[in-house]
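This report concerns only the one structure given below.
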Amino acid sequence: MPVPAPRPAEPPAALPDGGLTLLVIEDDPGGALSGPDMAAMTGASGKPVRIRTARNLTEAARLLTDDVQCILLDLALPPLEQAPGARCADPSDEAGPSDELETLRRVLRLAPHQAVLALTAEADAERAAEAVRVGAQDYLFRDELDGRVLSRAIRYAVERKRADFAQRQLTETRLRAQENARLERGLLPHPLLAGSELRFATRYRPGRSRALLGGDFYDTVRTPDGTVHAMIGDVCGHGPDEAALGVSLRIAWRALTLSGLCGDELLDTLQQVLEHERADEEIFATLCTVDIAPDGRSAALCLAGHPAPLLVRPGHAPALLPQEDGGPALGLLSQARWPRQEVELGDAWSLLMYTDGLIEGRIGAGTRRLGQEGMIEMVTRQVKEGLRGEGLLEAAVAEVRALNGEELTDDLAVLLLERG
């Protein structure tokens, strides 16, 4: 038979006066709750327990308002009728006439957020235990029932229901977090550098708490002609929408690069992608692309509102690549252009590409920021100490966090390519 539709509500909270409301479902008006000691039942706050009585499921559905915390169901109640407007959730909900707990199952579907106590005769102890297995919070024997026992049972059932609900919410939250983590890990880039002599290292730290993916994005691919293309970018903002947009731009960059686009044409197409994918017209993204020649000795640089990479070479002081001729960030000007600058790298070098999360951390408790000059000084010192590759990135990020005095709030991405 169809069942009343579940009520989409959270577990009832305690009443403002600290009292409890009990809905009793039994077909005998002078049944289990008759007697003077029942009328004196009190909740944990000492307030009297409010009692409503229904003789069938139709009446129960009408009396089941949001202030009801607990239901006392007589298991002997026959399921003679259903509540008005009831529906069947699925064929498996239709219990056969031989199911002795059919009424209980209906009540549990009708009131999924209320605590339920099963009432039965002492001779039916096995059925009482089965009622708890099906979903009731506890059971009571009719012959042993008095106000004190029922008061204690109601309080226990309500608290157990709330604890079960909290545990279920926690489990669902953990499952969602695990699923989000799997999704975010799958969206992080996997560099395509097979056949290249260049070494690659990266560090990535989203600013959002417990996130794996932020608005910063990067990627590196090697095309069939031997050119290594590297990119790093930053979507303004720190939320999940910005992270999703960063992923869209990274994937678009990889596809466009592998199809042969570069420089101004590539960035103009990326800007079109951003304009179509962004949630707000004020959203923009900075970007830095470097196309390293097959021989590894030179590169072409494009900047779209992004800080220039840091070049480290033996016998030379670390220095920023030219940044004066860069173009605006993507999404700011519809007819923008991004000049492609040729730069010499040499035989042996390290190229550090980064987002502003690396240079905008504070130094101490004041308002002073690390900045590009502070980053250059830091990297110069670390290189003199013999740090390279993964060790250099690890030390740089650790020092930036230490200087900031606490965890960085901005997204941070650092990419290092090395030759020789």
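Which whole-number percent gives the relative contact order of the range 188-419, counting Cα pairs below 8 Å spaced six or more residues apart?
On the way: 482 pairs, mean separation 57.4, N = 232.
Dividing the mean separation by the residue count of the range 188-419 yields 25 percent.
Loop-only GluC sites (Glu not before Pro) in the range 325-420, please: DSSP not H, G, I, E or B, and at most 12 other Cβ atoms within 10 Å. Could the numbers behind the result be given before it?
Values: sites: E342, E344, E360, E373, E377, E385, E390, E394, E399, E406, E407, E418; in loops: E360, E385, E406, E407.
The qualifying sites are E385, E406, E407.
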Over the range 221-307 - Rg/Rh using Cα atoms and the Kirkwood inverse-distance radius: 0.99
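Out of the range 363-420, which trypsin sites (Lys or Arg not before Pro) are coil in DSSP terms and have no more than 16 other C-beta atoms within 10 Å? Each step should come with its number before you reach the end.
Numbers: sites: R368, R369, R381, K384, R388, R401, R419; in loops: R368, R388.
Those satisfying the criteria are R368, R388.
Any chance you could tell me what percent of the C-alpha pair distances in the range 189-266 go past 19 Å? Before the final figure, lay out the partial values.
On the way: 1208 of 3003 pairs.
That fraction is 40 percent.
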Where only C-alpha atoms are counted, convex hull volume of the range 188-419 per residue in Å³: 118
Integer Hz, Karplus 6.51/-1.76/1.60 couplings in order for the range 304-312, x for Gly and Pro: 10, x, 10, x, 6, x, 9, 9, 10
Fraction in percent of alpha-carbon pairs per bin - 5 Å, the range 151-290: 2, 9, 16, 16, 15, 12, 8, 5, 4, 4, 3, 3, 2, 1, 1, 0, 0
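What are the GluC sites (Glu not before Pro) within the range 212-316 that DSSP puts in a loop, where the Cβ has at most 15 other Cβ atoms within 10 Å?
On the way: sites: E242, E265, E275, E277, E281, E282; in loops: E281, E282.
In loop regions of the range 212-316 (DSSP not H, G, I, E or B), the sparsely surrounded GluC sites (Glu not before Pro) are E281, E282.
We did not get these values from a lab; they are worked out from the coordinates using the rules stated. Here the structure is a predicted model, which means the values were calculated and not measured. In this analysis, Cβ positions are derived from the backbone assuming ideal geometry, glycine residues included, and neighbour counts consider all displayed protein chains.
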